[in-house]
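Have a look at the structure below, then the notes.
The values are calculated or read from the model by the stated rules, or taken from the named source; none is laboratory data. On a predicted model such as this, the values are computed, not experimentally measured, just so you know. FYI the Cβ positions are ideal-geometry reconstructions off the backbone, even for glycines, and counts take in every protein chain you see.
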Amino acid sequence: MAKLTSKLKMLNIKQAKIKLFTSLPVISLYFFSFYHFQIPEVGKIGIFSFNFQMILIYFYVLKFPEDLGFGNIFLAGIINDTVIGIPLGTTSLSYLLLSVVTSYVRNATIRPVLTSEWFAFIPALFFSNLVYLVIINNFSNISFYYLELIQNTFFTFLFFPIFHFIFSQYQKLIKNN
Amino acid sequence: MANQRDDFIIAIRYALLKKSAKQKFSLFFLILLSISIITLDKFSFPFMSSTRSVLNDLVYHVSVISSQPAKLKTYLFKKTKKHYKTIDENKFLRKEIEFLKREKFNNAYLTSENEILKEALDFSTNKNFEQNFSITVKVILDLESVFVKSLLVNKGTNKGIEKGMTVFSKDYLMGTIIETNYLTSRVLLLTDLNSKLPVIIEGSNVNAILEGTGKKKNLRLNYLPENYEIEPNKIIFTSGKDGFLTPGIPVAKTYLSKKDKVLIKLLADPDQALIVNVTNGQINQ
């Protein structure tokens, strides 16, 4: 009986660990929605600033859509809007459009290759940022820093292969264990 | 051609409407929801402002609470750095004390000169301005994004803070309150693109509008007279032309850059502001 209880306990701990590791993309998404302004080491390294959330969403919607729900993407966007102080729903819509383009790329791709995925990130980023700008321009009085936005978008695109590698290795690690 | 179009439509429809095994919502539904929220927010329905206020307070506090470990790391790093810096400073200060001892006798002269200059500028307090509100608040979040350069402070309408109030860091004007919630408020920094402030330049009667550019060491003066050239080492004060701010609050200073160009820098340092004062337009006492 005692043996059975300890086995069940072990099983529960293992299940919790698996749940934690598979939920890490969602946790990171929320984490960076709350903190990307406060941690200079991540996403805000001077001119090399980039949008980590966009890379995360693009990768997971493209490769492992079951690990990152659209509901979570929507909610993370709302939190992001609240933290930055821009009209509610702007980032959500931007992230969701990124997800639409990514889903389209996923459905249209027969043989996934890193290069094609990387270049498909350009239209995804373009549409996503376009919506962002259109909403900010028409639904608020906020002026914004075009140069920083262009830099941010460029480095988001540039850093994608690095994060592609990291996320792929992470997913492999989870699957192997 | 028709087949290609059909494939495209099928892929788009699949991307928008099809829910995967673990997806609870379709993208189409969530996009519609986002558009509805943006529209409701834009037209400022009464229930939206209260919802937004509650959401702001909730998100800001969660953000502050869970940022503590990250802040501790930064704190420890800064403390260690400061320790080594103090040793160097100590050596430097010893030399400086020697120098200051020699300069001691000039102080009396400088004090009297300062009084004369204040009188010449005629920046005595204007009685038209109500000066009855001042509160000390703590900066809880330092927000810098592509869109807004702002700070979040830990007091809101519960302590009488209102939109448009001025914020001082030490003795210098730093920004204005642009958003108030029940427990928190947002400060728009003078460095932000959206910040516009009527000012006057020291030693002249020139009025201008001081605008942010996103950088604290490169602000911009607009509406200057034609052919007017700014001189370095001049203090820029509020002119009070907006009818809210007291005239004579020091805001910025002109300086000569390494490329021999006259630039304008903010006197307050928003990056170092931890405790700030919120007032209703009067000079910081």
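Results for (1) more than 18 Å from residue A:49 (Cβ to Cβ); (2) more than 14 Å from every other protein chain (Cβ to nearest Cβ); (3) out of contact with any helix residue (DSSP H, G or I) (no Cβ under 8 Å at 6 or more places or on another chain), shown as yes or no for each residue.
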| site | (1), (2), (3) |
| --- | --- |
| A:143 | yes, no, yes |
| A:154 | no, no, yes |
| A:163 | no, yes, no |
| A:170 | yes, yes, no |
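Residue count for the range B:213-229 satisfying the condition of being without any contact (Cβ under 8 Å) to a residue 40 or more places away in the chain, closer than 17 Å to residue B:199 by Cβ and in a loop (DSSP other than H, G, I, E, B): 6. Of all the listed residues (A:150, A:110), the sole one being of a type in the set (A, V, I, L, M) and either in a helix (DSSP H, G or I) or facing chain B (nearest Cβ under 9 Å) (or both) is A:150. In this structure, does residue B:198 turn out to be modelled with pLDDT of 85 or more, away from every other protein chain (no Cβ under 14 Å) and closer than 21 Å to residue B:149 by Cβ? Spelling it out, residue B:198 is indeed modelled with pLDDT of 85 or more, away from every other protein chain (no Cβ under 14 Å) and closer than 21 Å to residue B:149 by Cβ. Of all the numbered requirements in (1) buried (at least 20 other Cβ atoms within 10 Å of the Cβ); (2) modelled with pLDDT of 90 or more, residue A:123 misses one, and that requirement is (1). Could you say whether any residue in the range B:113-127 is modelled with pLDDT under 75 and among the hydroxyl-bearing types (Ser, Thr, Tyr)? Yes; the residues of the range B:113-127 include at least one that is modelled with pLDDT under 75 and among the hydroxyl-bearing types (Ser, Thr, Tyr). Candidates are the residues of the range B:36-50 that are away from chain A (no Cβ under 11 Å) and of a type in the set (Phe, Trp, Tyr); the one that is surrounded by the most Cβ atoms within 10 Å (Cβ to Cβ) is B:45.
Looking across the range A:57-73, the residues that are assigned to a helix (DSSP H, G or I) and over 23 Å from residue A:136 (Cα atoms) come down to A:59, A:60, A:61, A:62, A:63, A:65, A:66, A:67. Of the residues B:53, B:66, B:150, only one is at pLDDT below 70, within 14 Å of chain A (Cβ to nearest Cβ) and under 25 Å from the mean Cα position of the chain (by Cα); which? It is B:66.
Taken residue by residue, the range A:74-90 has at least one member that is more than 8 Å from chain B (Cβ to nearest Cβ), farther than 19 Å from residue A:138 by Cα and surrounded by fewer than 24 Cβ atoms within 10 Å (Cβ to Cβ). Any residue that is farther than 21 Å from residue B:264 by Cβ, crowded, with 22+ Cβ neighbours inside 10 Å, within 14 Å of chain A (Cβ to nearest Cβ) and touching a Leu at 6+ places or on another chain (Cβ under 6 Å) - is there at least one of those in the range B:164-184? For the range B:164-184, residues farther than 21 Å from residue B:264 by Cβ, crowded, with 22+ Cβ neighbours inside 10 Å, within 14 Å of chain A (Cβ to nearest Cβ) and touching a Leu at 6+ places or on another chain (Cβ under 6 Å): present.
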